[in-house]
Amino acid sequence: MKNSLRKALTRTAVMYKGRKLERVEVPPSERLVLAVYLTLASIAGLTALEIVHMVIFEAWNSEIFAAITGLIGTVIGTLIGAKV
């Protein structure tokens, strides 16, 4: 998974080398990769917490769902922003 996440976060830049255009891959920073991993782990933990809450209390917790939604938006925004 580590290589696929790095590949998803890798940017491609177009640079001039003499008179020719050349595509150069710019790898993501280590901090960005670790932040995305932490966010994905948080999403997994909050999803498990929501499932446990539903099993024990038989009710939906909207605050946990709002946190999950916000983290998903963060990951998607990071992946889209890294490609630009």
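A few points about this structure:
- Checking each residue in the range 16-60 for being modelled with pLDDT under 95, small (Gly, Ala, Ser) and either part of a loop (DSSP other than H, G, I, E, B) or in contact with a strand residue (DSSP E or B) (Cβ under 9 Å, 6 or more places away or on another chain) (or both) picks out Gly18, Ser29.
- Residues (over 16 Å from Arg6 (Cβ atoms), in contact (Cβ under 8 Å) with a residue 12 or more places away in the chain and not small (Gly, Ala, Ser)) located in the range 27-60: Ile43, Leu46, Thr47, Leu49, Glu50
- Test: residue in the range 4-16 that is polar (S, T, N, Q) and in contact with an Asp or Glu (Cβ under 9 Å, 6 or more places away or on another chain): yes
- A count restricted to the range 2-53 and to residues that are farther than 15 Å from Thr78 by Cα and in contact with a Phe, Trp or Tyr (Cβ under 9 Å, 6 or more places away or on another chain) stands at 5.
- Scanning the range 5-26 for residues being touching a residue at least 24 places away in the same chain (Cβ under 8 Å), exposed (fewer than 15 other Cβ atoms within 10 Å of the Cβ) and charged (D, E, K, R) gives a total of 1.
- Identity of the residue in the range 1-15, assigned to a helix (DSSP H, G or I) and of a type outside the set (A, V, I, L, M), that ends up modelled with the lowest pLDDT: Lys2
The values are calculated or read from the model by the stated rules, or taken from the named source; none is laboratory data. Because the structure is a prediction, the values reported are computed rather than measured. Positions of Cβ are backbone-derived with ideal geometry, glycine not excepted, and every protein chain shown enters the neighbour counts.
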